[in-house]
Amino acid sequence: MRLPATNLPAASLLVLAAFVAMNAGAKTTDRNEPMDVAADHTDAMLGDDSDSILSGNVAITQGSLQVHADKAVIHRKGGDITQVELTGTPATLNQVADNGEAMNARASLIVYTLSSDLVVLTGGVVVEQPRGNLRGETIKYDLKTGRLDGGGDGNRVQMRIMPKTTTAPGTP
């Protein structure tokens with residue numbers, strides 16, 4: 001069953017919009033596009049200190065952004081959204097950047113903490129872009145600085161960095 005976005009609490013839509021709009025390298029025009037949210041079920045309260053839960057085939061689209069998860073939990077405290085958790089087998093984020101390059105990320109758990117502008121991906125994390133990829137069990141992404149911090153959890157981090165493309169001799 002698809003739930004129209006108008007049936008979901010306003011807080012849920014606002015936090016999801018904040019989460020996806022702040023993704024570094026994201027297509028900036030996506031922020032101005034309508035957001036469509038669908039899930040099999042929603043369990044939400046509109047109180048200042050509450051959690052809203054979307055579950056079952058959670059799908060969020062906004063412009064080029066596509067998010068899929070088994071479950072999304074939105075935490076609010078004092079009326080402010082404090083954290084968003086996406087879980088799945090895996091949860092996925094796919095988006096096209098302003099330069100036209102696709103970014104695909106997947107993990108068992110994606111947690112965005114608004115106060116620190118920190119996104120933590122855990123459990124079989126894979127981030128793929130045309131210029132390379134990053135794999136690990138825990139990847140922290142600081143939205144303020146763009147810094148990626150991987151590992152530190154006893155597991156290795158793997159990266160593949162593609163060479164910068166060069167023009168062949170005699171080609172304009």
Inset, instruction - Determine, for Met162, Met103, the number of other Cβ atoms within 10 Å of each Cβ, and report the residues in order from fewest to most. - result: Met162, Met103
Inset, instruction - Quick one: plug the Kirkwood hydrodynamic radius of the range 34-172 (C-alpha pairs) into Stokes-Einstein at 10 °C, 1.306 mPa s, and report D in µm²/s. - result: 96 µm²/s
Legend entry - Dipole of the range 41-172, positive end: most advanced residue of Leu118, Met162, His68 [Cβ charges, Cα centre]: Met162
Legend entry - For the range 97-161, the Rg and Dmax computed from alpha carbons only, in angstrom: 11.8, 35
Legend entry - Net +/- balance of residues flanking Asn94 in space, Cβ distance below 10 Å, scoring K and R +1, D and E -1: 0
Inset, instruction - Kindly put Lys144, Lys164, Lys71, Lys77 in sequence by how many other C-beta atoms sit within 10 Å of each C-beta, fewest to most. - result: Lys164, Lys144, Lys77, Lys71
Inset, instruction - Find out how many positive minus negative residues lie around Ile110, taking Lys and Arg as positive, Asp and Glu as negative, among other residues whose Cβ is under 13 Å from that of Ile110. - result: +1
Inset, instruction - Provide Arg135, Arg76 in ascending order of the number of other Cβ atoms located within 10 Å of each residue's Cβ, fewest first. - result: Arg135, Arg76
Inset, instruction - Output the Cα-based Rg and Dmax of the range 51-131 in Å, rounding Rg to one decimal and Dmax to a whole number. - result: 13.1, 42
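We did not get these values from a lab; they are worked out from the coordinates using the rules stated. Owing to the predicted nature of the structure, the values given are computational and were not obtained by experimental measurement. Backbone-built Cβ (ideal geometry, glycine too); neighbour counts: all protein chains shown.
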